[in-house]
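The values are calculated or read from the model by the stated rules, or taken from the named source; none is laboratory data. A quick note: this is a predicted structure, and the numbers were derived from the prediction, not measured. Note that each Cβ is placed from the backbone with ideal geometry, even for glycine, and that neighbours are counted across all protein chains shown. Just the protein is used for accessible areas: all its heavy atoms, side chains included, with ligands, DNA and RNA removed. Shrake-Rupley method; radii C 1.70, N 1.55, O 1.52, S 1.80 Å.
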There are 2 protein chains.
Amino acid sequence: MVKSARALKVLFMIIQSPYLLFLGDAPDSLSAKVAQGIKDWRPETCVGQFRQPGCQADLGLKDLSLQDAVKAGAKTLVVGVANRGGVISDSWLSVFVEALEAGLDIASGLHNLLSDIPMLVEVSNTRNRKLIDVRIPQVQYPIANGHPRSGKRCLAVGTDCSVGKMYTALAMDKAMHRAGRASTFRPTGQTGILITGDGVPLDAVVADFMAGAVEYLTPDNDDAHWDMIEGQGSLFHPSYSGVTLALIHGGAPDAIVLCHEPTRTHMRGLPHYNLPMLTELREVALPLAKVVNPACKVVAVSVNTAALDDEAAIRYCAEVESEMGLPTVDPYRHGATRLIAELD
Amino acid sequence: MVKSARALKVLFMIIQSPYLLFLGDAPDSLSAKVAQGIKDWRPETCVGQFRQPGCQADLGLKDLSLQDAVKAGAKTLVVGVANRGGVISDSWLSVFVEALEAGLDIASGLHNLLSDIPMLVEVSNTRNRKLIDVRIPQVQYPIANGHPRSGKRCLAVGTDCSVGKMYTALAMDKAMHRAGRASTFRPTGQTGILITGDGVPLDAVVADFMAGAVEYLTPDNDDAHWDMIEGQGSLFHPSYSGVTLALIHGGAPDAIVLCHEPTRTHMRGLPHYNLPMLTELREVALPLAKVVNPACKVVAVSVNTAALDDEAAIRYCAEVESEMGLPTVDPYRHGATRLIAELD
């Protein structure tokens, strides 16, 4: 297989922080999930929030005008809200124009693109500001070469999509920092990229370059440094399994943490597919990971227990721990200390 | 994971046959491999060949001028030659311009694109002809839904890249037709697409749509009809394994034929990676295939014995047959009858 010349669009771009988080006219807290994620995981990058009349979300940050945000050092207005359909509301546009005029870049992970709106393109050009659509790869990724790299890598591998792989990697990264250990969260999806300001939007990368993009994301590093790589999809999810395998082979993990959501009744978006057992997932994932990194181990299980009460959450984790013979926690609920203890 | 709006470029396009095969100033036969493949597998689509002074390749077809080819019914000039670097020679350009003016479309699988050459774009627009770069996906592929489809599918799965997966699928398709059975070769790479005139350039499809592109390529069909799907990459090739898994899950094969080249000393392009054993490949591929099609079986082995003499080829196949307990042949050398006998 070979590279597609047309697939290679180039422009390296990192989202400048700190951020002003745009909540717009969010009808509820859930629709401001992206902003909440940024505030939860990178509060130090947020100078404030911008809310329009009727906004029902509140991150507890200072409400700032565009001008005050710029005075406070903000570099980028980050669209932290999604309305129904993930599109850009007309009512947001005038704010975006003013933001560019005030000297802010704008970053968005929405389906429809900032760079497809002529008015924004025109103003951003005139004002020399950037429109950053994190769904579009900004880098000419190489084809993977499979070479061993220095430093260590941990990958979150899920029984399904949306079972907590990003939160697991973020929680482990945070716990590593608290423990004084070297670690970097490596985002592979839109929300993760907005949280950290860079990363690889892997689902939008051309097939031949997927694994190479992950190698690019997780380069040589100090021997004791760990990359905490956000997983995507699932080896058992027919729509996205290829992306997952590219992550396993490009990421070359030394450690895999299996991620699971215990109340899911079928694969996300596929009512006719059951979730695999955690034991099955381990049996399939580990031999594949060892192709690239023979030292790879499955070290722990991370359970998203959001749908369980406290007692049920503890009980479920204990059951899995006994069945799998691996430390099992909900890192968001119980902390990630036991997970990172497995990384040596 | 979700779709990337920017990734969706649309225009349905099939390469019109019959073809005039362009050999240019090919320095040797090997550089005309694509043309040779088309002539070997679809002789009925070739009205002739076009050779420039100094051309060292000869397919044994009639040498035709552009005008005579058009008179003989040719619809498309197919670039069947690759020079060093896979680029379009300056010396070819004047021929391409004349071909468009004579009323031919041009199709190419080369790295650099016809549609990136302003002169060709201008003439093709003026003359209302098409420039078809088969490395660029022409269809807005869906995200895979994993639904069972009617009809049957056979997928070639290799220990490595370039071990004979396309030839295996083509040979099986030909044997099916000879046996009066319903079958369609489904190309997933540039050469296969040029051979048949349509298909999916899977290595150039955006990650989220890979499996959906394969579902699109292998739709519902008559119960007794078999799709012979060209494989890509290898589950054990770190650069491209994600593409291979998307083929397994999108193709939902009822039957898998394992493909192998016995003299390969390492994975293609990766001197630091050994090839997997055929037994290993079966152990890894089958459980993954059963996620989507629980009835899937590994039915046979196809060996590319081009580097072995007659006796060694027979002996090697016999050894593999005994080890794997599966019919094992080189379908190009020994015929594919024993392979298709396994498809019921």
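Taking the conditions exactly as written (more than 14 Å from every other protein chain (Cβ to nearest Cβ), within 19 Å of A:I38 (Cβ to Cβ) and touching a residue at least 12 places away in the same chain (Cβ under 8 Å)), does A:T191 satisfy them or not? The answer is no for A:T191. Any residue at all in region B:210-231 that is free of Cβ contacts under 8 Å to residues at least 40 places away in the same chain and farther than 30 Å from B:S94 by Cβ? Looking for residues that are free of Cβ contacts under 8 Å to residues at least 40 places away in the same chain and farther than 30 Å from B:S94 by Cβ, one finds at least one in region B:210-231, hence yes.
Residues that are open to solvent by 40 Å² or more (accessible area, probe 1.4 Å) and at negative phi within region B:112-137 comprise B:N112, B:S115, B:D116, B:P118, B:M119, B:V121, B:E122, B:N125, B:T126, B:R127, B:R129, B:K130, listed in sequence order. Condition first: in a helix (DSSP H, G or I), over 17 Å from the mean Cα position of the chain (by Cα) and more than 28 Å from B:L170 (Cα to Cα). Can you find one or more residues in region B:22-45 that meet it? Checked against the condition, which is being in a helix (DSSP H, G or I), over 17 Å from the mean Cα position of the chain (by Cα) and more than 28 Å from B:L170 (Cα to Cα), region B:22-45 yields no hits at all. For region A:246-278, which residues satisfy the criterion of being closer than 30 Å to A:L308 by Cα, at the interface with chain B (Cβ under 10 Å from one of its Cβ atoms), part of a loop (DSSP other than H, G, I, E, B) and in contact (Cβ under 8 Å) with a residue 60 or more places away in the chain? Those that are closer than 30 Å to A:L308 by Cα, at the interface with chain B (Cβ under 10 Å from one of its Cβ atoms), part of a loop (DSSP other than H, G, I, E, B) and in contact (Cβ under 8 Å) with a residue 60 or more places away in the chain: A:R268, A:G269, A:P276. Counting residues in region A:89-101 that are assigned to a loop (DSSP other than H, G, I, E, B) and modelled with pLDDT under 95 gives one or more. Apart from one condition, A:G109 fits all of (1) surrounded by 20 or more Cβ atoms within 10 Å (Cβ to Cβ); (2) within 22 Å of the chain's Cα centre (by Cα); (3) free of Cβ contacts under 8 Å to residues at least 40 places away in the same chain; the exception is (3). When A:S241 is tested against (1) facing another protein chain (nearest Cβ under 7 Å); (2) under 13 Å from the mean Cα position of the chain (by Cα), just one condition goes unmet, and that condition is (2).
Only one of the numbered conditions (1) more than 30 Å from B:G242 (Cβ to Cβ); (2) among the polar types (S, T, N, Q); (3) buried (at least 18 other Cβ atoms within 10 Å of the Cβ) is violated by B:S322, and that is (3). If only one of A:D160, A:D173 is more than 14 Å from chain B (Cβ to nearest Cβ) and either farther than 22 Å from B:G233 by Cβ or open to solvent by 10 Å² or more (accessible area, probe 1.4 Å) (or both), which one is it? Sole residue among the options that is more than 14 Å from chain B (Cβ to nearest Cβ) and either farther than 22 Å from B:G233 by Cβ or open to solvent by 10 Å² or more (accessible area, probe 1.4 Å) (or both): A:D173. Flag set for A:Q16, criterion: touching a strand residue (DSSP E or B) at 6+ places or on another chain (Cβ under 7 Å), closer than 23 Å to A:L113 by Cα and touching a residue at least 40 places away in the same chain (Cβ under 8 Å). The helices (runs of 4 or more DSSP H) falling completely within region B:148-229 that include 2 or more residues that are under 14 Å from B:C259 (Cβ atoms), at pLDDT 95 or above and touching a Gly at 6+ places or on another chain (Cβ under 9 Å) map to B:165-178.
Is region B:35-50 home to any residue that is open to solvent by 70 Å² or more (accessible area, probe 1.4 Å) and of a type in the set (K, R)? Checked region B:35-50: no residue is open to solvent by 70 Å² or more (accessible area, probe 1.4 Å) and of a type in the set (K, R).
Candidates B:L235, B:L202: the one that is under 28 Å from A:G189 (Cα atoms), open to solvent by less than 10 Å² (accessible area, probe 1.4 Å) and in contact with a strand residue (DSSP E or B) (Cβ under 8 Å, 6 or more places away or on another chain) is B:L235. Scanning region B:263-285 for residues that are more than 23 Å from A:N145 (Cβ to Cβ) and either surrounded by 19 or more Cβ atoms within 10 Å (Cβ to Cβ) or touching a Lys or Arg at 6+ places or on another chain (Cβ under 8 Å) (or both) yields B:L278, B:A285. A Cβ distance below 7 Å, combined with a sequence gap of six or more or placement on separate chains, defines the contacts here; from region B:116-134, residues that are within 26 Å of B:V205 (Cα to Cα) and among the charged types (D, E, K, R) reach no residue that is open to solvent by 80 Å² or more (accessible area, probe 1.4 Å) and at pLDDT 95 or above.
Could you go through region B:123-136 and let me know if any residue there is closer than 30 Å to B:P294 by Cβ, within 14 Å of another protein chain (Cβ to nearest Cβ) and in contact with a Gly (Cβ under 6 Å, 6 or more places away or on another chain). Checked against the condition, which is being closer than 30 Å to B:P294 by Cβ, within 14 Å of another protein chain (Cβ to nearest Cβ) and in contact with a Gly (Cβ under 6 Å, 6 or more places away or on another chain), region B:123-136 yields no hits at all. If you go through region A:118-140 and keep only what is more than 25 Å from A:G73 (Cβ to Cβ) and modelled with pLDDT of 95 or more, you end up with A:P118, A:M119, A:V121, A:E122.
Of everything in region B:66-88 that is within 14 Å of another protein chain (Cβ to nearest Cβ) and assigned to a loop (DSSP other than H, G, I, E, B), the residue that is nearest to the chain's Cα centre (by Cα) is B:A82. Among the residues of region A:207-220, the ones that are open to solvent by less than 20 Å² (accessible area, probe 1.4 Å) and touching a Ser or Thr at 6+ places or on another chain (Cβ under 8 Å) come to 5 in all. Is at least one residue of region A:138-150 out of contact with any helix residue (DSSP H, G or I) (no Cβ under 8 Å at 6 or more places or on another chain), in contact (Cβ under 8 Å) with a residue 24 or more places away in the chain, open to solvent by less than 10 Å² (accessible area, probe 1.4 Å) and not hydroxyl-bearing (S, T, Y)? The answer is no, given that none of the residues of region A:138-150 is out of contact with any helix residue (DSSP H, G or I) (no Cβ under 8 Å at 6 or more places or on another chain), in contact (Cβ under 8 Å) with a residue 24 or more places away in the chain, open to solvent by less than 10 Å² (accessible area, probe 1.4 Å) and not hydroxyl-bearing (S, T, Y). Listed by first and then second residue, the pairs with beta-carbon distance under 6 Å, at least 6 apart or on different chains, first residue in region B:318-344 and of a type in the set (K, R), second buried (at least 20 other Cβ atoms within 10 Å of the Cβ), are B:R333/B:T305; B:R338/B:V329. Of the residues in region B:298-310, at least one is in a helix (DSSP H, G or I) and of a type outside the set (S, T, N, Q). Determine, yes or no, whether B:A224 is out of contact with any helix residue (DSSP H, G or I) (no Cβ under 8 Å at 6 or more places or on another chain), open to solvent by 10 Å² or more (accessible area, probe 1.4 Å), more than 11 Å from chain A (Cβ to nearest Cβ) and small (G, A, S). Considered against the rule, which asks whether it is out of contact with any helix residue (DSSP H, G or I) (no Cβ under 8 Å at 6 or more places or on another chain), open to solvent by 10 Å² or more (accessible area, probe 1.4 Å), more than 11 Å from chain A (Cβ to nearest Cβ) and small (G, A, S), B:A224 comes out as yes.
B:A252 fulfils the conditions (1) hydrophobic (A, V, I, L, M, F, W, C); (2) open to solvent by 60 Å² or more (accessible area, probe 1.4 Å); (3) in contact with a Gly (Cβ under 9 Å, 6 or more places away or on another chain) except for a single criterion, (2).
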